[in-house]
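Heads up, the thing below is written out as structure tokens.
The values are calculated or read from the model by the stated rules, or taken from the named source; none is laboratory data. Please read all numbers here as calculations on a predicted model, not as lab measurements. Glycine also receives a Cβ, built like all others from the backbone with ideal geometry; neighbour counts cover every protein chain displayed.
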Amino acid sequence: MPELPEVETVARGLHKRLAGDRIREVWIGPHKKLLQSPARQMERVLNGALIVAFRRVGKHIVGQLETAEGPAQWVIHLGMTGRCLVYDAAAEMEKHTHLVATMESGCEMRYVDPRRFGKLKVLTRGEFHAAGAEPLGADREKFYERFHRRKTPIKSALLNQTLLTGIGNIYADESLFRAGIRPRRRADRVTRAEYERLYDGIQQVLTEAIAAGGSSVSDYVGAEGERGFFQLQHRVYQRTGEPCLVCGAEIQRVVLGGRSSHYCPHCQR
DNA sequence: AGATCAACCTGTGAGC
DNA sequence: TGCTCACA
DNA sequence: GTTGATC
């Protein structure tokens, strides 16, 4: 599942391969629900656009474009199974390919998404901004202020993208493990000291995951098809029934808001 | 306000 | 091999 | 992964 570290990896890969290149031709598939801008507008903006840069904003990939009409932005959300891949030549078209941008250099950027939960749009005015704060380098005090009065489970708060943007199921569980906090603890019952540990845990987990190229659970791959390897360092996520790497206790699984949560009953309180 | 569940989709692996 | 169920 | 309805 693409969360902040995976999206960061993809954005860096796209930037490396495509910055400075120009889109020569765009093909858009029939599933219009993926589009948050009309297909016509998407084609008009992308066709002939110079790719200035790609960057990550929360879980969004933002392509900075220069078009005949002026600057524009290409905003991509990968949903659960979206992939942005750069192909060298006209490789065989993968199943579930929904958009192909052929570059002047000859390579193609393809958006592939089996479940079609992703979203694509173009903006021709204004700067794209995510609802919540970036977790990496977030202000410690603001982080505490925004969380500590909530009655919702701490894990639900971490998944709330209007508070912090970019944390998903994997990194919420892994951060809570590092902080020693159970996912169901009410956010307003988490102590100040625990919030300090949680903040540090988030920084560490995200930084390490980015360095590892993200987590390749299910079929996540980066822009050049490379797998991440942070899944090898998961301490609780999808380790239900296995021994805790710290204390040996059995990792537990509970469902919270319809999503699996994994924790060590001994290390996390 | 918060919790739960369904919806949006397809693929995969487990178990019978 | 095929069906169903759980899960991402 | 996100959103919207309902209790």
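Matching residues to (1) more than 15 Å from DNA strand B (Cβ to nearest atom); (2) within 30 Å of A:A209 (Cα to Cα); (3) surrounded by 15 or more Cβ atoms within 10 Å (Cβ to Cβ):
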site: A:A49; (1), (2), (3): yes, no, yes
site: A:M80; (1), (2), (3): no, yes, yes
site: A:E104; (1), (2), (3): yes, no, no
site: A:M109; (1), (2), (3): yes, yes, yes
site: A:E127; (1), (2), (3): yes, yes, no
site: A:A133; (1), (2), (3): yes, yes, yes
site: A:D139; (1), (2), (3): yes, yes, no
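Restricting the search to the range A:2-42, which residues are assigned to a loop (DSSP other than H, G, I, E, B) and within 27 Å of A:I167 (Cα to Cα)?
A:P2, A:E3, A:A19, A:Q36, A:S37
Do we have A:R192 as more than 14 Å from DNA strand D (Cβ to nearest atom), at pLDDT 95 or above and touching a strand residue (DSSP E or B) at 6+ places or on another chain (Cβ under 7 Å) here? Break it down stepwise before answering.
Details: more than 14 Å from DNA strand D (Cβ to nearest atom): yes; at pLDDT 95 or above: yes; touching a strand residue (DSSP E or B) at 6+ places or on another chain (Cβ under 7 Å): no.
Criteria not met by A:R192.
Give the residue that is nearest to DNA strand C (Cβ to nearest atom), with candidates limited to residues of the range A:164-211 that are within 15 Å of the chain's Cα centre (by Cα) and part of a loop (DSSP other than H, G, I, E, B).
Among them, the one singled out is A:G168.
When only residues in the range A:120-156 that are in contact (Cβ under 8 Å) with a residue 40 or more places away in the chain and of a type in the set (D, E) count, which is nearest to DNA strand D (Cβ to nearest atom)?
Only one residue tops the list, namely A:E134.
Determine whether the range A:102-112 contains at least one residue that is of a type in the set (D, E) and closer than 29 Å to A:R253 by Cβ. Quick ask: steps written out before the conclusion?
First pass over the range A:102-112, keeping only residues of a type in the set (D, E): A:104, A:108.
Now narrow it down to the ones that are closer than 29 Å to A:R253 by Cβ: none.
No, the range A:102-112 has no match at all.
Given A:L4, A:L18, A:L14, which one is over 15 Å from the mean Cα position of the chain (by Cα) and farther than 18 Å from A:P114 by Cα?
A:L18
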